[in-house]
Amino acid sequence: MAGKLGMRFAIHHYLAAIAGKRNLRRLVDSYRAAFVPFGADDAPYVAVAGFGSCAPTVAEAEAEWHGHFAGQPVPKPTFLGTADACADALSALADQYEADELVIDCFTTSLSTRLAALGLLAKTFR
């Protein structure tokens, strides 16, 4: 529907997968094929969202990820580990869908560790 309306398209690959949308690449390709330019959007635009945890060490990232979900089922993260490892995972995700934009969220146990995680990723992607 988004393509036919000339709208941008966003998908959270993990949440869509657990909702039963197993072939997400096909869904993104269908959006692109159906795209009709409208207004300022003259080409398809795909944003892919993911979540995880980033820290100076893998052990710290894992502790933050699991700590965030204390007492709850822990989902599989999109990215988890050091900044370089997370950047590699996020770049692969973007490549998989030929994304124009990545939307990310770092799940941690505090605001300060969340800001630090996002800062690590920002430095890595510069």
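The values are calculated or read from the model by the stated rules, or taken from the named source; none is laboratory data. Just so you know, these numbers come straight off a predicted model, no measurement behind them. Positions of Cβ are generated from backbone atoms using ideal geometry, with glycine treated the same way; all protein chains shown enter the neighbour counts.
A few points about this structure:
- Residue in region 7-14 that is assigned to a loop (DSSP other than H, G, I, E, B) and either at pLDDT 80 or above or β-branched (Val, Ile, Thr) (or both) present: yes
- Residue match in region 8-27 (condition: surrounded by 17 or more Cβ atoms within 10 Å (Cβ to Cβ), of a type in the set (A, V, I, L, M) and within 15 Å of Leu118 (Cα to Cα)): no
- Considering only residues in region 63-84 that are in a helix (DSSP H, G or I) and in contact with a Leu (Cβ under 8 Å, 6 or more places away or on another chain), the one that is surrounded by the fewest Cβ atoms within 10 Å (Cβ to Cβ) turns out to be Ala83.
- Residues of region 48-62 that are touching an Asp or Glu at 6+ places or on another chain (Cβ under 7 Å) and assigned to a strand (DSSP E or B): Phe51, Ser53.
- Checking each residue in region 92-113 for being touching a strand residue (DSSP E or B) at 6+ places or on another chain (Cβ under 9 Å) and either at pLDDT 95 or above or not in a helix (DSSP H, G or I) (or both) picks out Glu98, Ala99, Asp100, Glu101, Leu102, Val103, Ile104, Asp105, Cys106, Phe107, Thr108, Thr113.
Yes or no, residue by residue, for (1) over 13 Å from the mean Cα position of the chain (by Cα); (2) closer than 19 Å to Glu60 by Cα; (3) surrounded by 13 or more Cβ atoms within 10 Å (Cβ to Cβ):
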position: Cys86; (1), (2), (3): no, yes, yes
position: Ala94; (1), (2), (3): no, no, yes
position: Tyr97; (1), (2), (3): no, no, yes
position: Asp100; (1), (2), (3): no, no, yes
position: Ile104; (1), (2), (3): no, yes, yes
position: Leu111; (1), (2), (3): yes, yes, no
position: Ala116; (1), (2), (3): yes, yes, yes
position: Gly119; (1), (2), (3): yes, yes, yes
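- Enumeration of residues in region 35-62 that are surrounded by 17 or more Cβ atoms within 10 Å (Cβ to Cβ), farther than 16 Å from Asp100 by Cα and either of a type outside the set (S, T, N, Q) or at pLDDT below 90 (or both): Phe51, Gly52, Cys54, Ala55, Glu60, Ala61
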